[in-house]
Every structure is written in C-alpha cells, then in structure tokens.
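Beneath this line is the structure, given in structure tokens, with notes to follow.
The values are calculated or read from the model by the stated rules, or taken from the named source; none is laboratory data. Note that this is a predicted model, so its numbers are computed, not measured. Cβ: placed from backbone, ideal geometry, glycine included. Neighbour counts: every protein chain shown. Heads up: the accessible areas ignore ligands, DNA and RNA and are worked out on the full protein's heavy atoms, side chains in. Shrake-Rupley method; radii C 1.70, N 1.55, O 1.52, S 1.80 Å.
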Amino acid sequence: MKSGFFKQRYAELVVLTDSRAVKAWTVVLFAALLLAPMVLGPFLLAHVTVILFTLVGALGLTVLTGFTGLISLGHVGFLMLGAYAYAIGVTRLGLPPELALLASAGVPALFGLVVGVPSLRLHGLYLAITTLAFSHIVSAALLAGGKFTGAGRGITVLRPRMLGIDLSSDRAFYWFCLAMCVLAVLVTLNLRRSYVGRALVAIRDNDIAARTMGVNLVRYKLLAFLISAAITGVAGAMMAMYISIVSVESFPFLLSIEALAIIIVGGLGSVLGAVLGTVFIVSMPEVFAALTSGMGGRLADLMTTSAHEIKSVLYGLAIIAFLRFDPRGLRGIWHDIRHAWVYWPLRY
Amino acid sequence: MSVANATETPVLEVRNVSKRFGGVKAVNDVSLRVMPREIVSLIGPNGAGKTTTFNLISGVLPPSSGQIIYRGEDTAKLRSSDFARRGIGRTFQNLALFRHGTVVENLLVGRHVHFRYSVMEALAFWGRPRREEIEAREKVEKIIEFLEIEELRDKTVSQLAYGQQKRVELGRALACEPQLLLLDEIVAGMNREEKEDIARFTLDIRDEFGIAVLMIEHDMQVVMDLSDRVYVLDFGALIAQGTPAEVAADPMVLAAYLGEDAHA
Amino acid sequence: QQQGVTDTEIVVGDILPLTGPPALLGVAHNLGVKAAVAEVNAAGGINGRKVRLISEDDGYVPSRTVQGVRKLITSDKIFAFTSISGTAQAEAAMPVIKQAGIPAMAPITTYEGLYNPTIKNVFAVGYDMSNAVEELVSMMADRYPGKKWAVISQDDDYGENVRAGFERAAKAKKLQVVSTQVYKKGQADFSSEILKVKQSGAEALMAGGVLGENVAMTKELERIGHKIPVGVTYVSRVPASAKLMGPAGENVYTVDYVYLESSPQGKAFTEKLGKYLSAEEMPKVNRYSYTGYAAARALFEAMGKCGKALTWDCTNAELAKVKNLDTGVMTPISFSATNHLAAPKLLLLKADPAAVTYKAVQ
Amino acid sequence: MGYFVELVVSGLAIGAIYGLVAMSFAVIYKATGIVNFSQGELGMLTAYTSWSIATTLGAGGIATVLIAVVAGAVIGMLCERLIMRPMLGEPVLSVVLVTIGLAVVLRSIVTIGWGAAPHKFEVAGVDAVLDIGGMGMRVSQLGVIAMLAAALAGFWWFLKYSRFGVAMRAVAADENVARLMGISTARVQSVAWACASALAGLAGVFFAVIYGLSPTIYELGLKAFPATVLGGFDSVLGSGVSGLVIGVLENLVGGYLPSTLKEVAGFFLILVVLMVRPFGLFGEKRIERV
Amino acid sequence: MTSIPTAVADTPALAVHNIQVVYGGAIEAVRDVSLEVRAGQIVALLGSNGAGKSTVLKAVSGVLDAEDGEIDKGSIQLFGRAIEKDAAPEIVRQGMVQVPEGRRLFATLTVEDNLLAGAHLRSRSELAAAKEYVFKLFPRLVDKRSTVAGYLSGGEQQMVAIGRALMSAPKLLALDEPSLGLAPLVVAEIFNSIRQLRDQSGLTILLVEQNASRALAICDYAYIMENGRVVLDGTGEQLRRNADVREFYLGLSSKQGRTHMKDVKHYKRRKRWLS
Ligand SMILES: Nc1ncnc2c1ncn2[C@@H]1O[C@H](COP(=O)(O)OP(=O)(O)OP(=O)(O)O)[C@@H](O)[C@H]1O
Ligand SMILES: Nc1ncnc2c1ncn2[C@@H]1O[C@H](COP(=O)(O)OP(=O)(O)OP(=O)(O)O)[C@@H](O)[C@H]1O
Ligand SMILES: [Mg+2]
Ligand SMILES: [Mg+2]
C-alpha cells in the first residue's frame, strides 16, 4: 500500500507503481507467462493464447469507452477490419506479414477517424448506434467485396514467419501473442498516465470543463478512436492468425457486447480491470465446462440435451451476480481485498 | 498595488457584447475591461447574465454580437480550446470537476496546455514525457501547498465536500498558469474562515503571480473588500460600475440587488 | 496405443452448435450420433471396446469451433471426430484437424474444401450445397419447363452455394432468370423481396433461406396471391417447416438424401432411435439425426475393421475403403482413395400441407 | 393496387412490430435512464409463454392479445424484482451489462423450456388473408398495426395526464434526488418494466403468429433498436412512429434498390438524421451548460 | 399541519442519537453526533467545509446508500419513530423533505415539472395552490416555468430546489445551504420566508448554512460541527456571543466590529476546537 506522503523526489510520483509488492508480482507473473508453454498442455496454452489476444482487443475498447467514455457497440467492426487488412495484405497483396500486421493497425485507425467524426456531435447511445451502424456497414461491404474479400467464404490465412521466426507452432504463436499483449498493456498504461490519457478521461467526466482547460475535443476524440481502432485492429489480426480464417461469420455482433462485458465486469476505465475482465469472461465458460464434466455422467443424465444451455444460463447468472456483488467490477473487489488486507483489523 | 493605469493595455476588453438564447437576451450590450493586476467584480441579481458573460469570455459560448479582446487579440477567431492556451483560466459556479479523478489528476488536467511531448512519445513514456510529467507534478504540488489541500491530494474529487471541491477548482484553474483568472462564486458554500482563506489566496494570486482576476460573487463582504472596481449587471445589461463604495451607494444597485440592509 | 483408445474404451467426439437457435441442427445431429454409439455399445462395442462420446458446443461460431477442436484433440484426447460443425466452422478447424491427422467425419454441411483435393483424414457425407441446389433446380425446371425464374439467397457462404448451384442449373437448362436478390442473414420479413419477385414477372422461385426465411417467403407469396413453384434447400426440411408454411407450402419442392420419416426406412429408424433415446429427446429428432447416425456408423465400421490394434492410420485407410455401406437412413455410401465425399442419391420431395409433411415425388 | 402502395402497406405491418419493441426500449430508458438489452428476449419469452397458455386454452385472437399483455407484464415485473431491483442506484453501465446478462439467461431458458425447433403459433382465423382494395393483408398484420396505434394512444394519454409520467422522468434524470422527493424508484422501475415487457411481448406474439415461433425472435430487439434511436431514446411515441418509418423505408429500398441495401438502409437513415438532430427526431436535447 | 398532539409534543420532531457515518467502509465522516430538532423550531447546523453537515442530512434522509455510506452506530427518530433503516421515500412519507446540497434539479425537466415531481405524494387537488405558493415566494420563476431547469442560472436553480421541496408540504424541512449562490436581496427574502414558514405554518426546519450571521439570527437552537463532531451547541443568542464563533463564523473581531478581508493575517491558522 502507498505510504503516499514520504516521497523524496518528484520523479517518484510519475512511475507506474511505487509498490515493491506490485513490482515483485509483475515480475513473477511475467516469468510465469513466459514459461507457460513449457508447463501447460496444448489446450490450456491455447486458452491462454485466446486470453492474450482478447485482452489486446479489450484494451482497445478501454481506450475508447473506458477512458474517453465514448460507448461503442461496433467494436467488432475494427476487429474485422484489422483481421481483413492482415489477411488481404498477406494473401491478396503479397505483403510481408510484418507489414500486413502494421496494416492491421493502420487500416482500422483510418476508419476510426471516419467513425470518430460523428462523436463530435453525438453523445452516449446516439454515438453507440452509429458505431453499430458502422460495423454493419463494414460487414456488408466485406460480404459484397467479391473475390478480393472472399465474400461469404472468407480468406484462409496461415500462421506467418515474422522477423525470421516461424509462428506456426503453438508455442511460437503464444510467445508472439504474449509479446503483442505486453506491448499493448504498456502502451495503454503509458497513455493513461500521460497528458493525453488525462485529456481523454477529462472529456469523459466533463467535456465542457475539459475544453476550458484547453483540451481540443475534436483532436482528442478522434485520437481516442484512432488509437482504439489501431489496437483493436491488431487484436483482429492476431485472432485471424489464431483461427486461421477470416470470415464475416467469425465476427458476430455478440463480440462487441462481449468486449463491453469484459471492460465493465473488470471495472471501467482501468487497464487492470481489462485484464481481470478478460480472464474472467474468457475463462468462465471453460470453468463451467470443467465443473459440469467434473460432475460427470450424472449431470448429463440429469439434463440430457439441455446441459449446454444450462451452462449458458449459469454464465449469464454469473455476470449478474458479480455486478450485483460489486458494481465497480472485479477491480473494485480487488481493491477491497487489498484494502482489507492492509487495514485489517483496524477498520478505519 | 498597481491600480489601472490609462496608458496600459487592458488584459481583457469586452465591447458591446450580447448573447441571446432563443428569445431570452441573457447578455445585452455589455462592455467591460480588466487591467493588469486588477481585481474586478461582476455582481448582479440571479439570472442577470453574469455566468453567461464568463462563458463568452472563456470561449464556452460564442457571443451573438460584439467583440471580446483579450490582450489585444480578438477572440472571435479562437477555438474554444485555445482560450486556455492564451492564458484564461476559470472556475465554474456549479462545479465542473473531473469526478472520477483524484485531486492531483484534476490539477494535472489543468496543466494540459503546457505539455509539449507528442502522442507517440506519450506511448513510450521515456525521456521527454517523463521530464515534463515530473516538472508538471512539481508545479502541481506547489499549488496544492499554496491552497493548503495537501491532505486531499490523493482523494477522488467526488468524495470531497462541496467547499473542498471549490478549492480544487481554484487549483485547477491556477495550474493552467493563467494571466486572467475568472472566478464564478468561488466562496459560495464556505464559512467565514474559509472565505478569508480564499480572499487571502486571491490577493496572493494577484500580488505574487501578477494575475488579473475577474470574479462573480454574491458575498458583499468579499466583493467590497477585495475589488478594485465593480460592474453591476441586471437583466443582461450593465446598470452601474465604479469603485466598491460608489457601487454600494448607487440607488439602482440597492433596489435591484442589495436591498436595504446592504451593510451586512 | 493411439490416443483415446484403452483396452475397454474408445473416446470419440463431436463439435456442434448445441446452444442457441442453430442447436436445432446440432442437437438433432448429436442425437443421431448418440444413437449410433448406443447401438454399437449394445452390440458389445467395437472389438470389445465401448465407445464414449464427448460433445462440444461451439454455438456455430468459427473461433469457438477452433478452440473446441483443440480441446477435444489435446485435452479430451479423443480418437476421432464423428462430426464437425458447419461450413465456416469446419473450414476454420480444418488446419488443426489436418495437422493432427485425426480421423474426422464431416456430415453436417459439406463444401468443396473438405474433399477436393482429398484430405487423408477427412471424410464428408452428404452434398455440397451447390450441387444439391443445382439438382433441385434442374429437376424443377424439368417439371415446369419454360418458366421465368427468380432466386433469393442469404448473404453468407451458404447463400453463395445456393447462388452457384442455381447459376449452374440455369445455364444448363437455359433458364430465364428475371430477379436475383440477396438478403442479410437474420432478416425476418420478406414482403419487399416477394413483391419484387412478382413485379419482375417470375413464375418460379429458388428460395435460399434457412428455415424461417423460406416460410416467410412462401407465406408472402400466398398473401399476395402469387402461386408459383418454390424450391427450398433440405436445410429447412425439419418437421416444423411444413406445418409453419401451412397451406402456403402447396408448391414447395426440395431435395434430400436422407430418407423421409414417413418412408419405410424412416419408420424403422425412428423405431431404432426409440430404443436408444429418452422420451424427451425424441421430439428433438430431425433429418440431421439421420446424417449424424450415418456418419457415426461409417466411422465405427472402419474402426471395427482395424481390429484390436486401432490406430488413426488404419481407420483413415479403412474409411477410404468403405463400399456400399447401408446405414438404413440414406442410400448406401462409399468412399475411395480419391473420393472422400459420399454423396447418397438425392430424392425430390414436395411439401404436403394436408399431411403437414413432405412426400416423395416420383 | 400499385407496387409502391403494396410496398408501403406491407412495410407498415413489419414496422408496427419494430415500433412496439422500440417503444418498449424508450419506456425503460425514459423511466430509468438505462437501455435494456434484454428487450428482445423478454418479447421472445412472452411469446413462448403466451403460446403455451393460448394453445392450452385454445384462445382466440383477442384472448391471445390479452394473454400476451398479461404474460408480458408479469414476466417484466418478475425480472425487475429479481434481477434489476438490487441494481437500483448503481452505475448505468453496470446496470446495462446486467440486462445483457439477463438476455443470455432468458435466451437459454427459452431453448431449455421449448427447444430450438420452431413452432407454429396457431390462432384461429388470424392467418386469413383479407382483400383490401385489391391487396391481400393478413388479419394478424392488420392486428399488429392496430395494436401499435392503440399503444401510441395509450401512452400519449398516460404521459400527458398521469403524474406517473413526471415521476418516471424524474427518476431517469436523477434517481437519488427522486427518492428524496418521495418517489419510489423501485415502483417506477417496476411499472416501467411491466409496461415495456408487455409492449415487447405483444410484438413478440404478433411476430410469432406471423413468422413462426422460434428462438431467433429475440433478434427483434436488435432490429428495433435503430427505430428507438431514430425517434429519440426518451421519446416513447417518437420511437413507435419511427418503427413504422423504418419498416416502410426498408421495404421501399428493398423494392426499388439492390436488395442488399435493405438492411443497412435503416442505419443510413439514422446516420443522416443524427447528423441533423443529434438526439433523434423527437428526443430531448442534452443539457449543456456550466 | 401544526396539530402535533400535545401529549407527544415533548418528543422532538427529529432526534439524532450518537450516529456514526462511514463512507465506503473506511472513511468516517461523522462521529458520535447527536442533535435534536423540536417541533416548530428552526435548528441550524454550522461548520466548516468537510465537517460532515451534509453527511448528517443525508443520514437523516436515508440517501447515504447511494454514495456507499452507512450509519454504523446510533439511532435516528423522526416524530418518535426510528427511521435509520428506512429508505428515502418512506422518510418523505413521514413528513421530512430535504433540499439537497448543490441544487440537484431534474435537469431535463421544466421548472413546472420539477415542482410537480416534488409534489409526488400529494393529491391532485392540492397542486395548484402549492404551485401558486412557490411562485409567490419566487416571482423570478414565473417567467421560467416552462424553461428546462438545466438552463437556469445558478440562483434560479436554487429557487426551484427550495420550491420543489416545499411542494410536498413537509412537516419537517431540511435545507442544505439554501442561500447558496443567491443574491443578497433574495437571501434576505429566503430567510424571511423560512422564519414565516415556522411562524405561520408551524413548519419545523433543520438548516445547514454557511451564512452564519443570518442563520444564527433566525434559529432557535444551533449546533456547530468540526471534523465530524458536534463541538458546540446552544441557542442562537448564546452562540452569537461566543468569542470563537464571532471570530471564525461571523468575522467580528472583539475590538472594532467586522474584520476587513484584506487584513486577515497570513499566518492565521484554523483554530482547533477543543472537546
Ligand atoms: N444555455 C442557455 N440556454 C438558455 N438559457 C440560458 C442558457 N444559459 C443561461 N440562460 C438564461 O440566461 C439567464 C442568465 O443566466 P446566467 O447563468 O448568466 O445568470 P447569472 O447572472 O450567473 O445568475 P446567478 O447569479 O443566479 O448564477 C438566465 O435566465 C438563464 O436561464
Ligand atoms: N461519498 C463520499 N465518499 C467518501 N467520503 C465522503 C463522501 N462524501 C463526503 N465525504 C467526506 O466526508 C466528509 C464530510 O463531508 P460533508 O459533505 O458532509 O461535509 P459538509 O460539512 O457538508 O461540507 P460543505 O460545507 O463543504 O458542504 C468530508 O471530509 C468528505 O471528504
Ligand atoms: Mg451564475
Ligand atoms: Mg455540505
């Protein structure tokens, strides 16, 4: 816990964390993630890989919705653009994968600018619906794109060689995702503690006051869209490489909702929240699966063909229960636990 | 103390400015000026158009007609976010803090226009960004010390009491290092002792930082004791101006605003 | 020993949409597989080993299919796939399956990529949707010569297959096509499409919807009083569809390669299912149960031929040798080294509103 | 009858369904300031429940409508009481996410209870085609248009003359202060959910009668969402009317332009309208002053 | 409204016993505060920023839960009935209404609808008269009756906030800084009205106020809070004679009347109250 008052130098005030414990845990966690492929079986490794690229996408949304307060229901549009930019880049245009990966950030970013324009006039749900419209238009356009976009068929993409490293093995791909994910986490953390991030948060809390402080709303709202779309686009490319095919069907509207669910369950507007939310939402179905299979045949007999539906009821109820328990999300619970740990038994 | 000198250029000059909202003429042909190192008050009944005048000066709203000259520059061409860059800082009557941020973060947003590093550098947060952030923190800590809100530093502003939030607003406006400070009912909701604190801060702001202050206030003790000059608005129009004593004796001001027992 | 095989047990898996609306297909299919498993176990298992089935749900979302396939192969360690979910889903999963070399049946929807060129360990049962549509339109064109045609299809790969098949038939039979429309997946109301069909003067329609869409189209035709023959794909040939269409289904045709429930073979199969499935499960049975059963039977047949030393290579090889296997739910199926698509005979069917079902057309 | 008129009239029929659902979105938004993402699911669950009840009782057309309204209201109130009530006063986005969770649950409950296979919602006589000036319309289609008209009239009266209307808007504006004024937010929310769910339930039942009962009915929620935006989120009546507008627009686009444009037409209309009126056609402007 | 039976006239309208309020399970904003408001009295609650005045009002109106606060210890009786567990609407029904701090109008509603929302629990027939009353109290609002409240000036909003609370015809009115942001002339009127409300309608009033001189002038009894505790209490007259109150709340120095703001010494630090 912070012992805030006793700083020797101002430099200590701008570091990401001043807590030894946090630093130590970060190192441990990172080492564990690095070594994971040596320990985990292929299935769990794949699961962690999914968490990693989902987290990148969730961070993208965190910048837009969490920081800036611009609600997006069309996040999947950027994901799709990133995936297709990469796929079209490597298959149709013959770009080297490194360049295609850049394109998967660049193309959505450009579209982000375009989608951002309405945000200058629209607020809240009205903006949300334009982002939804955007994602519908993107998928309609991709479906109408004929051979170039693969229309309804989609495009098959193979795991590439990048910077001389072959990513086709699951382990190599995992490390690639880990690297991208760490990069995305650092970028969002840095963004948040810079004046840019503060400007975004200021817009969320009170846009008129932000303007009076000299925050150019046009510039920063567009910037939020741009950065968010770029990060999300990269997640799209990673997802494309993972499932090795991009097709419009792989990007249902539900993904936009799931992305929102991740950042809300985690705790809006924080990177830690995005991390916790991603782990929670991605893992929960697997946990339920493990639980139900743990109960074995008995349960299957009990519920016959409805077992899977019952699983999704539990999934929905879990989301509801968590938010009811602590509406601030997992991050709130996390802070409470830490708080209790530090202050117990002296409550006040 | 340097009282307005006729040859000096004014910090702010408002010329025949009007603002309409639909049918309502909230500000009607108002002219006023603020000289360097001056403390000027703007008073008037509720709904007279004082806050609206502030909104025009700080670029929150564009005037319907008239000119606003800030340090020799017509502000009509400025974007609303440029006003802070030029050195106009303000506080808000109804509190407009960034509710989810801590006090420090709010003050740092106040310094927004003083950062020079690029977005790309921000993402890396190494070298220049770090230096600038450290420097900003230093300045912000000084303001926190100046306003005596050290113990609130890391609190989320939505958890602060009303009067504490007002102080944070003042700090945020100061963080911008303005040349002209607009204070909208800053002492409202404070007790005598706290008002005295704010009065002291206001004088220091002018005397030590050389900032001109234009303030809206309903507390006559503060207005009378601090102002060099006073403007009085009623129904959007100026009805009186002059030294505090002159204004307080004006029968129109007494009737419209102060009432009979003006000498509280 | 190969993964998924012990002295007493063989574990097989399938991945299907078991939740949400596509569960209509997935659950039914799964029941067919279950029945086949129960049947083989009742007969003492495969060379003395009991078969156990693990079913994974993918909700019809390709990324979840990939994840599920990985789980079944690497975590549940199954020996073979009895079924892999829909087209895009199968396509997404194919690299993993190909790489693993695990025997996999693809009996739900098939597409060219599954069998052309042949993949050593992948075997498809059924029809490429485009071929089925081509057949259907050709047969209808023979029955109703000289008509002007319209086609309405979905905006995804399924719709693309419908369009491709339709175009091939139109070219071969020199049909005059007056209206081609594409609708967005999930659309419910087809009044403008059908009005446009009428406006264009079309006298026959290929309705490329899944289920509700086709019902909506035929009912719209009935409402505006435009009585023309309509072709639909077998995807929508589930018990409810004839009922949903009601009298509007008078002129609706389809083709299918599984036997009708009302046929003697169908009745025998229903009886068999009754033995192995519970009373709650029976109402969920539909044509997809037939496909699931058939594919599982073919797989078990091949596994049985391998004897005690059950391996992937052997199973793949034996599958390629399946000849005229009569599963009782469709005409006999065969694979060969160069042909991994078993395409049973297609039957032309016509909706029978009075009996609320489909009947075969001679 | 002209092609144009036929397109318009059949557009009205589907538009009326959108309109009912759009109104249900607006009712909850107006009363509590949140978007209920389970609106389509509430409609679907009501449709299934009504189907079970109606077929058991052998109910006719009017009885089915009554069943739908009552079943919808009860389901809405139950969901409110069990799921939404504890979330009173919590951050808006958390509450919205809870409705998404509720949607997942309801969707699965329907497939568990009734299976994924579609059913026919048979009500005597409503499938009949009436000849109206040479144009065929089903009784059920005319019925749903009438329902929308009735709902619009009812809500117009309710919002204009009932004190509850003001209470609803007060709760949406500031829940905590509303409580300080003696307004029971729980009751307001409960009534809003009952009304909204009854509206969505009506839409669901009519949809099921016209297009068949299947677990995809919930998509109606998503389809009607644009109508709510077009009308303005806080405008119950505007949303209802906008449903009709979108229904007709889609049909006209489908009838005269390449059919792929049909589905995005509504979205394009919204984009255009929002550029001119950022708060929808009939919505309230956002208050921006300091 | 005055008809409180004499038998129970002895029980105070509002009694707060030793309450402790905690925010977020950790921040203790009010410690061991007790106070009493007798029927027909005006009781003032004074104190510096952050002393916990608003928190006390929130506690008695039952809206702490919205800010993650809770009454940890102590009890509150309204007209002899324990209310510390009641929800806000229930407390309003018992006859106590609060004008919250910072106005908190329903920004999207018109002035008139704001007033109507305040009268939620009253019968339709009483509305017209109640509205008339408020408009008479604040003539400035007559022109603005169909203006959306969010666009009003600060002072106008304050008028609506007070008017809205009066619409419910409370037996006990809790005002959190009613004079905030009002022009001197209006402040004088408001305090007159408050006095009138007590004198003529027998309304009981709990008043949190920063304008100490006016508050002490009209109140029957007053409490002063510092740092979450009550540090001083007495009749208005007693407090006005207290030296500390004179210096810190009234700005009067013992010698020559009011101190000039400019003469405030830089080194002057807030005096800590003992006890
Ligand atoms: N954005 C706006 N739209 C419509 N009317 C407005 C707007 N802003 C202010 N007004 C009106 O203009 C008038 C002047 O408002 P303003 O806020 O400037 O008053 P003020 O002098 O600051 O009063 P107070 O002392 O009560 O704060 C008021 O009657 C108010 O209702
Ligand atoms: N929601 C909250 N969460 C945490 N702390 C809070 C919250 N609200 C108030 N506090 C703290 O409780 C203390 C008392 O606050 P309160 O608002 O009651 O003061 P007050 O006496 O009304 O001050 P003012 O005169 O400025 O309105 C303050 O220190 C404040 O920081
Ligand atoms: Mg003002
Ligand atoms: Mg207070």
More than 7 Å from every other protein chain (Cβ to nearest Cβ) and within 16 Å of ligand 2 (Cβ to nearest atom): does that describe B:D197?
yes
What pairs come out if I take residues in the range D:126-147 that are more than 10 Å from chain C (Cβ to nearest Cβ) and pair them with residues that are modelled with pLDDT under 90 and part of a helix (DSSP H, G or I) whose C-beta lies under 6 Å away, six or more apart or interchain?
D:V126/D:G61
I'd like to know if the range E:168-187 contains one or more residues that are within 16 Å of ligand 3 (Cβ to nearest atom), crowded, with 23+ Cβ neighbours inside 10 Å and of a type in the set (S, T, N, Q).
yes
Flag if D:I62 is open to solvent by 10 Å² or more (accessible area, probe 1.4 Å), in a helix (DSSP H, G or I) and either at the interface with chain A (Cβ under 10 Å from one of its Cβ atoms) or modelled with pLDDT of 95 or more (or both):
no
Among the residues listed as B:L170, B:L214, the single one being away from ligand 2 (no atom under 16 Å from the Cβ), open to solvent by less than 30 Å² (accessible area, probe 1.4 Å), under 14 Å from the mean Cα position of the chain (by Cα) and on the phi < 0 side of the Ramachandran plot:
B:L214
Failed item in (1) more than 15 Å from D:A13 (Cα to Cα); (2) β-branched (V, I, T); (3) at pLDDT 90 or above, with D:I145 passing the rest:
(1)
Consider the range D:213-271. How many of its residues are in contact with a Pro (Cβ under 7 Å, 6 or more places away or on another chain) and within 13 Å of chain C (Cβ to nearest Cβ)?
7
State which residue pairs qualify: first residue assigned by TED's automatic domain parsing to the domain that holds E:E28 and inside the range E:214-228, second residue within 16 Å of ligand 3 (Cβ to nearest atom) and of a type outside the set (A, V, I, L, M) in any location, beta carbons under 8 Å apart, and separation of 6 or more residues or different chains.
E:R214/E:S179
Which residue out of B:E185, B:E150 is among the charged types (D, E, K, R) and either assigned by TED's automatic domain parsing to the domain that holds B:R37 or over 27 Å from E:G228 (Cα atoms) (or both)?
B:E185
Within the range C:50-77, work out how many residues are surrounded by fewer than 21 Cβ atoms within 10 Å (Cβ to Cβ) and within 24 Å of C:L277 (Cβ to Cβ).
5
Go through A:I257, A:I262 for me and flag whichever is more than 13 Å from chain B (Cβ to nearest Cβ) and open to solvent by less than 10 Å² (accessible area, probe 1.4 Å).
A:I262
Report yes if some residue within the range B:224-231 is part of a loop (DSSP other than H, G, I, E, B) and closer than 29 Å to E:G50 by Cα; otherwise report no.
yes
Taking A:L163 as meeting all but one of (1) open to solvent by 10 Å² or more (accessible area, probe 1.4 Å); (2) touching a helix residue (DSSP H, G or I) at 6+ places or on another chain (Cβ under 6 Å); (3) aliphatic (A, V, I, L, M); (4) more than 9 Å from every other protein chain (Cβ to nearest Cβ), write down the number of the exception.
(2)
What are the residues in the range E:210-250 that are within 14 Å of another protein chain (Cβ to nearest Cβ), of a type in the set (D, E) and not in a helix (DSSP H, G or I), if any?
E:E226
Quick one: what pairs do we get from the range C:253-276, first residue acidic (D, E), second surrounded by 14 or more Cβ atoms within 10 Å (Cβ to Cβ) and part of a helix (DSSP H, G or I), C-beta under 7 Å, 6+ apart or different chains?
C:D256/C:Y234; C:D256/C:R287; C:E261/C:T270
Go over the candidates E:L166, E:L180 one by one and state the one that is more than 11 Å from E:V111 (Cβ to Cβ) and either more than 14 Å from chain B (Cβ to nearest Cβ) or polar (S, T, N, Q) (or both).
E:L166
Residue count, the range B:135-148, condition surrounded by fewer than 16 Cβ atoms within 10 Å (Cβ to Cβ) and facing another protein chain (nearest Cβ under 7 Å), comes to 1
Just one of D:V205, D:V171 is in a helix (DSSP H, G or I), farther than 30 Å from C:A23 by Cα and open to solvent by less than 10 Å² (accessible area, probe 1.4 Å); which is it?
D:V171
Among the numbered conditions (1) open to solvent by 30 Å² or more (accessible area, probe 1.4 Å); (2) at the interface with chain B (Cβ under 7 Å from one of its Cβ atoms), tell me where A:L226 comes up short.
(2)
Count - residues of the range D:45-72 that are in contact with a strand residue (DSSP E or B) (Cβ under 9 Å, 6 or more places away or on another chain) and aliphatic (A, V, I, L, M)
1
Modelled with pLDDT of 85 or more and under 30 Å from D:S214 (Cβ atoms) - does that describe any residue in the range D:165-185?
no
Taking E:N114 as the residue in question, decide whether it is within 16 Å of ligand 1 (Cβ to nearest atom) and either crowded, with 20+ Cβ neighbours inside 10 Å or of a type in the set (K, R) (or both).
yes
For the range B:20-72, please list each of the strands (runs of 3 or more DSSP E) lying entirely inside it that holds at least 1 residues being in contact (Cβ under 8 Å) with a residue 12 or more places away in the chain and more than 15 Å from the chain's Cα centre (by Cα).
B:24-34, B:65-70
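Going residue by residue through the range D:153-168, is there one that turns out to be within 14 Å of chain E (Cβ to nearest Cβ), touching a residue at least 12 places away in the same chain (Cβ under 8 Å) and either surrounded by 19 or more Cβ atoms within 10 Å (Cβ to Cβ) or assigned to a strand (DSSP E or B) (or both)?
Taking every residue of the range D:153-168 in turn, at least one turns out to be within 14 Å of chain E (Cβ to nearest Cβ), touching a residue at least 12 places away in the same chain (Cβ under 8 Å) and either surrounded by 19 or more Cβ atoms within 10 Å (Cβ to Cβ) or assigned to a strand (DSSP E or B) (or both).
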Which listed residue, of D:V248, D:V205, is over 19 Å from D:A26 (Cβ atoms) and under 12 Å from the mean Cα position of the chain (by Cα)
D:V205
Tally time: how many residues in the range B:97-132 are over 23 Å from B:E151 (Cβ atoms) and either crowded, with 23+ Cβ neighbours inside 10 Å or within 7 Å of chain A (Cβ to nearest Cβ) (or both)?
10
Looking only at the range B:163-182, decide whether some residue is within 22 Å of E:A188 (Cβ to Cβ), assigned to a helix (DSSP H, G or I) and within 9 Å of chain E (Cβ to nearest Cβ).
no
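Select, from B:V34, B:V27, the only residue that is within 16 Å of ligand 3 (Cβ to nearest atom), open to solvent by less than 10 Å² (accessible area, probe 1.4 Å) and within 30 Å of E:S179 (Cβ to Cβ).
Of B:V34, B:V27, the one residue that is within 16 Å of ligand 3 (Cβ to nearest atom), open to solvent by less than 10 Å² (accessible area, probe 1.4 Å) and within 30 Å of E:S179 (Cβ to Cβ) is B:V27.
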Conditions (1) open to solvent by less than 20 Å² (accessible area, probe 1.4 Å); (2) part of a loop (DSSP other than H, G, I, E, B); (3) within 16 Å of ligand 2 (Cβ to nearest atom); number of the one not met by B:N94
(1)
